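Reading through the structure tokens given below for one structure.
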Amino acid sequence: MICELDRGGAILRATIALAGIVLICLPAAGQAAQVRMALHLTESQISWGEPDLKHKLLDRLSARDGLEVTLINDSAWATSASGNSFFDAEFVARSGSEADVRYVLSLTDVRTDLAVRKGLSIPLLLSRYSVVGTVSGVMRIVDTHKGRVIYDETFEIDKRGPSHWQPLDDDRNSSKLHFPAAEKPRFLESLEWRTADRLAKIILRKIKLR
């Protein structure tokens, strides 16, 4: 948002301050109006890193021209005296409209897991096992102008870590599948950026920026 003052700007500012007048800033010519979105994300803590998908997704969405995204915490709209929550579309739409946002994006039950999975197998010869990181949860988008949910789906995004081909013994606990503790934070970072990229693409396809 841009405010332009004339050469007597200093005097004008002083006059406004003394008079208690509020100067309203209007968009400059040619500057597109911003569509406002509120983002709420809850994620479980894990023992092998510090999840921060929230800020990565905020970064990806905020990079889109015409979209302004703000974070809201668990207590902001999560519950009300009547027990409303993010699962109550009517309540969320009303709260979002009162806060002057067009969309409320909510990601709940977000979990980050590491597991060993069996992949390609050649019976009686070889089996491939991999350590796989997964981010899963439920994503909902409420359009406050329409007063309803426009997207409500579960998601699960994977990233493969160390892999090992095993002859015959078929041992998912092989030491060669060990994931060094020092590498886990970097792997988590990469997994979350991948998740943020994919979720952002879905979100931007579902909302209107005009």
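Read-outs: derived from the displayed coordinates by stated rules, not from any lab. Not measured: the values here are computed from a predicted model.
Residues in segment 98-114 carry Karplus couplings, in order, of 5, 8, 6, 10, 7, 10, 10, 9, 10, 10, 10, 6, 6, 10, 10, 10, 10 Hz; the curve used is 6.51 cos²θ - 1.76 cosθ + 1.60 with θ = phi - 60°, and Gly or Pro positions show x. When the C-alpha to C-alpha distance is required to be over 23 Å, the pairs from Lys118/Lys201; Lys159/Lys206; Lys54/Lys201; Lys54/Lys146 that qualify are Lys118/Lys201; Lys159/Lys206; Lys54/Lys146. Converting phi to 3J(HN,Hα) with the Karplus coefficients 6.51, -1.76 and 1.60 and the offset θ = phi - 60°, segment 133-139 yields x, 9, 10, 9, x, 10, 10 Hz in sequence order, with x at every glycine or proline. Distances between placed amide hydrogens fall under 5 Å for Ser127 paired with Ile122, Gln166, Leu168, all partners being 5 or more residues away or on another chain.
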